[in-house]
1. Do the conditions hold for residue B:328, that is, is it away from chain A (no Cβ under 14 Å), in contact (Cβ under 8 Å) with a residue 60 or more places away in the chain and touching a strand residue (DSSP E or B) at 6+ places or on another chain (Cβ under 9 Å)?
2. Can you pull out every residue in region A:58-80 that is over 15 Å from the mean Cα position of the chain (by Cα) and within 20 Å of residue A:211 (Cα to Cα)?
3. Which residues, counting only those in region A:61-111, are within 18 Å of residue A:195 (Cβ to Cβ) and of a type in the set (Asp, Glu)?
4. Any chance region B:139-150 includes a residue that's touching a Lys or Arg at 6+ places or on another chain (Cβ under 7 Å) and part of a helix (DSSP H, G or I)?
5. Only residues that are part of a loop (DSSP other than H, G, I, E, B), among the hydrophobic types (A, V, I, L, M, F, W, C) and facing another protein chain (nearest Cβ under 7 Å): list them for region A:45-97, please.
6. Can you pull out the residues in region B:181-207 that are touching a residue at least 40 places away in the same chain (Cβ under 8 Å) and assigned to a strand (DSSP E or B)?
7. Taking residue B:320, is it modelled with pLDDT under 85, in the same structural domain as residue B:416 (by TED's automatic domain parsing), of a type outside the set (S, T, N, Q) and surrounded by fewer than 21 Cβ atoms within 10 Å (Cβ to Cβ)?
Amino acid sequence: MLEMQDISKVYRTDTVETHALREFSLIVGEGEFVSVMGPSGSGKTTFLNIAGLLEDFTSGTYELDGRNVAGLSDNERSKLRNEKIGFIFQSFNLIPELDVFDNVDVPLRYRGFDSKERRQRIERVLDIVGLGSRRKHLPSQLSGGQQQRVAIARALAGEPRFLLADEPTGNLDSHMAESVMELLEEIHGQGTTIIMVTHEPALAERAQRNIHVLDGRLSDGEADAHVTAQTA
Amino acid sequence: MFRYYVKLGLTSIRKNPILSALMIAAIAVGIGACMTIINIYYVMGGNPIPNRSDVLYYVQVDNWDPNNAYDDPNEPPVQVTYIDGKALLDARKARRQVLSYKTGRVIEPQNEGERPFQVVSRATTADFFAMFDTPFLFGSGWDRAADDSEENVVVISREINERVFGGDNPVGKTLVMNGDPYRVMGVLDTWEPMPKFYDINNGAFDPPEEVYFPLSLAISKELYSWGNNSCWKPSGGGWAAYLQSECIWLQFWVELHGASEKQAYMGFLNAYVESQKALGRFPRPMNNRLSNVMQWMESQHVVVDDVNVLMGLSFLFLIVCLLNTIGLLLAKVARRTGDISLRRALGASRRAIFSQYIVEAGVIGFGGGILGIGMTWLGLQGILALYGEFEFMTRLVQMDWVVIFDAIGLAVVSALAAALYPTWRACAVHPANQLKAL
């Protein structure tokens, strides 16, 4: 479970204060598929970065899987991020000089798995995303859709509890976008919690819950919607 | 993870070949300059007899001019007179003692067609070989009885043995020098103490002599020194007067174990000088010295000051090269902030990023070290080209495994030092900053 209460994020310079998030509260339950929409600059990515422990917040509380993340050391945050969270980025963010196998291997290296364990995991997730035969290809030798599949495989390899996707289809044509969405739905179907930022209402509608961020806040009532649904 | 980081380092080098090549070249040039000088320093200042350097003492007594010290500020002479050397030798107050000097002989090979040739030789005493731990290929040195009886015995170098006896065991055979037959007692194996500590003031970097024979014999045959000879007052005419003069031309070494033996020997020296003062010699204040091998080499400035200055300059040059490397590494980090952000997002801690970049710097340093060995070799060849006419230079510019490993070690350590700041910058890259822009 991911639970944020009154999270604020303020960027300060000498002369300007920018409130990226204001008293942002959200609960995402186990196994949910939540889409996040909102105009550019509304705070969607900041939310995702904080949720993914890539960024600190200014105030509020955030519990990830029951653990309060405030005050964690860099090592602890990195470990938590590595174990619990998988990232999917709009521009795939593969390392161009590494082949598919080695790209998927990156988070597993930091996890400390032995080579046999890593190989098994990599082969399994590449089969899931349908790229088992492309493991020696460089990213530049793959289509955009295939690259995003590699990124998804990389995110899945560590068997994370949460998958955070920042406009995962933003750089893909509609055909490839559909294929990636189907893959995400399949992954969600296997029990992984997914939070996906998107600009596409049609894609957002395919999530279980769709929340809107505006000026660093959730639209009225959306933070509680899940709680209500869970209670019901 | 170390192997993984090495692999990433190599991948990064392949990805940025020009930047990496510049860094490797910068380190290599610095290492090359530094190691060229270090090599010379190392050869000049190395311990030529490490297992015995603490028990061998060079003896100095001050028989010099009452009005002028031998050397400023108040240094005693660097050699001894024959009177003093012989007296100290005959006293046998040390475990072993050696009195010797450099001279020359002409070998007359008995092979048909082989012409006589001149060799640098050493007139010395029996303990020379045991004291200085000389390796023997055949036979051994002579004994003290041979010294006392002025026997025509000789120890020759491996090269002379090959030239005159074809490399066979010549022990017991006769070697003719200046018309006199000498019985070969032994053949030295390759022996090249560097510096030639036992006679620093007559060519510290010269090769050892090719022939060794009893000092007593050399004296009776009136063989003058081929080394330095200094007198503070006229020596008179003829060999006998020369032997009784205040001219210094011999080197005297003793073997002493422990502080008590050294103290006792110094007491003996003081008593000896007092006795000579009573005879009207030694007009200067008491100024006796006992210096072990390394002290002796240091006091005689075997490593010349110019080399010390060059050493400092070469390290400054290395620092300049490393500053360039720091700049290049910073540029590399700046180009790879996206990669760093991504790795941080995927679970790399700052420590992991630090390790990755420091290992990569080590890989670059290793490359710089390998290339630096080549640069060092070129530097040494350059020195040889400039100063090759001096024979000792050919002995100074040799590279050995120690130098090679030192070059790599220094390069890696230098690269790691240069990488500290860029790596710290890499660790400071915020994981969220670059992910959108990748």
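The values are calculated or read from the model by the stated rules, or taken from the named source; none is laboratory data. Given the structure is predicted, the values throughout are model-derived calculations rather than measurements. Positions of Cβ are backbone-derived with ideal geometry, glycine not excepted, and every protein chain shown enters the neighbour counts.
1. Values: away from chain A (no Cβ under 14 Å): yes; in contact (Cβ under 8 Å) with a residue 60 or more places away in the chain: yes; touching a strand residue (DSSP E or B) at 6+ places or on another chain (Cβ under 9 Å): no.
No; evaluated as a whole, the condition is false for this residue.
2. If the condition is that a residue be over 15 Å from the mean Cα position of the chain (by Cα) and within 20 Å of residue A:211 (Cα to Cα), then A:60, A:61, A:62, A:63 are the ones that fit.
3. Residues satisfying the conditions are A:63, A:65, A:83.
4. Of region B:139-150, the ones touching a Lys or Arg at 6+ places or on another chain (Cβ under 7 Å) are none.
For region B:139-150, residues touching a Lys or Arg at 6+ places or on another chain (Cβ under 7 Å) and part of a helix (DSSP H, G or I): absent.
5. Here is the first cut: in region A:45-97, the residues part of a loop (DSSP other than H, G, I, E, B) are A:52-58, A:65-66, A:69-73, A:89-97.
Subset that is among the hydrophobic types (A, V, I, L, M, F, W, C): A:53-54, A:57, A:69-70, A:72, A:89, A:92, A:94-95.
The answer is A:54, A:89, A:95.
6. Applying the first criterion (touching a residue at least 40 places away in the same chain (Cβ under 8 Å)) to region B:181-207 yields B:184-207.
B:184, B:185, B:186, B:187, B:188, listed by residue number.
7. Working: modelled with pLDDT under 85: no; in the same structural domain as residue B:416 (by TED's automatic domain parsing): yes; of a type outside the set (S, T, N, Q): yes; surrounded by fewer than 21 Cβ atoms within 10 Å (Cβ to Cβ): yes.
In short, no.
The rows are residues; the columns are (1) over 22 Å from residue B:320 (Cβ atoms); (2) in a helix (DSSP H, G or I); (3) modelled with pLDDT of 85 or more; (4) under 39 Å from the mean Cα position of the chain (by Cα).
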| position | (1), (2), (3), (4) |
| --- | --- |
| B:23 | no, yes, yes, yes |
| B:34 | no, yes, yes, yes |
| B:41 | no, yes, no, yes |
| B:50 | yes, no, yes, yes |
